[in-house]
Amino acid sequence: AFDRICVAGSLGHANLGFVALEKKRSGFEEYKNAFLRPTAKIKEGLWLGKQSDVTAMMDLSDGLYIDLKRLSTASQLGFEIELAHLKLSSQWRVDCKQLDLDPIHTLLTGGEDYSLLLTVNNERYESLAFNFKQVFGYELQAIGFMVPELGIRLIENGALKEIELHPFTQFGEPL
């Protein structure tokens, strides 16, 4: 089996906080803090970097979708991301709706979260995830698998899901 793709940290929170601030909406403090006072996962990165089961790792600065594309190009492999494994809680959905944001799009394209994107040897994932939670007190989120075909496929209920994404790029570069 190919490596699992994992995330350490939140996805889309800083982007939601930015929109809440931009729209001058009260509340949304957790998200506003994620945008205004981001915390880099330095300790997690150093710890994960010492684990032989971690096969690749990078920071998630520009959003999951763009950074997966970069990792796909660098590794010459693709990714299947299981939408059910992304943390789309009912609260997240409500919060996004209140700001007129699409929950899945925001989670996939929102940047500035200072989270980590990593790949892990599939056979050793359970052990690594258990140890990660013991050390850091939160879950290492497995969101999919690497596959031989280049590109990123989003899977929902076992079927390919087409989502048109418009991620932000610093210089308007094509993706």
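Give the Cα extents of segment 98-144 along the principal axes, in whole Å, largest first.
Extents along the principal axes: 39, 21, 17 Å.
Which of the peptides 76-83, 111-118 is most tightly packed, and how do the rest follow, going by the mean number of other Cβ atoms within 10 Å of each residue?
Sorting 76-83, 111-118 by mean packing, highest first, produces 111-118, 76-83.
Just subtract the alpha-carbon distance of Glu149 and Glu30 from 0.36 nm times their residue separation and send over the number in nm, one decimal.
Contour length minus Cα-Cα distance gives 39.1 nm.
Solvent-accessible area per residue for segment 86-157 at a 1.4 Å probe radius, Å²?
Value for segment 86-157: 49 Å² per residue.
Working with all protein chains in place, sort Val54, Val7 by solvent-accessible area computed with a 1.4 Å probe, largest first.
Val54, Val7
How long is the gain from Lys23 to Lys133 if the chain were fully straight, where each residue apart is worth 0.36 nm and the alpha carbon distance is subtracted?
Once the chain is fully extended between Lys23 and Lys133, it gains 36.0 nm.
Provide the FRET efficiency to the nearest 0.05 for the Lys50-Asn122 pair, computing r from the beta carbons and using R0 = 25 Å.
0.80
Using a simple charge model, +1 on the beta-carbon of Lys and Arg, -1 on the beta-carbon of Asp and Glu, nothing else, what dipole does segment 44-86 show about its Cα centre, in debye to the nearest 20? Walk me through the numbers on the way to the answer.
Working: 3 positive and 7 negative charges, 30 e Å.
Approximately 140 debye in magnitude.
Rg and Dmax of segment 17-121, using alpha carbons, in Å: what are they?
That works out to 15.2, 45 Å for Rg and Dmax.
Whole number please: convex hull volume per residue of the Cα set in the chain, in Å³?
Taking the convex hull of the Cα positions in the chain, it is 127 Å³ per residue.
At 10 °C and 1.306 mPa s, grab the translational diffusion coefficient of segment 50-112 from Stokes-Einstein with a Kirkwood Rh over Cα pairs, rounded to a whole number in µm² per second.
Numbers: Rh = 13.4 Å.
Translational D for this selection: 119 µm²/s.
At 222 nm, what value in deg cm²/dmol follows for the chain if DSSP H runs of at least 4 each add -39500 (n - 2.57) and the sum is divided by all its residues, to the nearest 500? Mind showing how you got there, number by number?
On the way: 7 runs with 66 residues, N = 175.
Counting only the DSSP helices, I get -11000 deg cm²/dmol.
Would you list, by chain and number, the lysines whose Cα falls below 24 Å from the Cα of Lys87, excluding same-chain residues fewer than 8 positions away?
Lys32, Lys41, Lys43, Lys69, Lys97, Lys133, Lys161
Taking all protein chains in place and a 1.4 Å probe, what share, in percent, of the accessible surface of the chain do carbon and sulfur account for?
52 percent
The values are calculated or read from the model by the stated rules, or taken from the named source; none is laboratory data. This structure is a prediction, so every number in the text was calculated from the model and none was measured. Cβ atoms come from the backbone with ideal geometry, glycine included; neighbour counts cover every protein chain shown. What goes into the accessible areas is simple: the full protein's heavy atoms, side chains included, and nothing from ligands, DNA or RNA. Shrake-Rupley method; radii C 1.70, N 1.55, O 1.52, S 1.80 Å.
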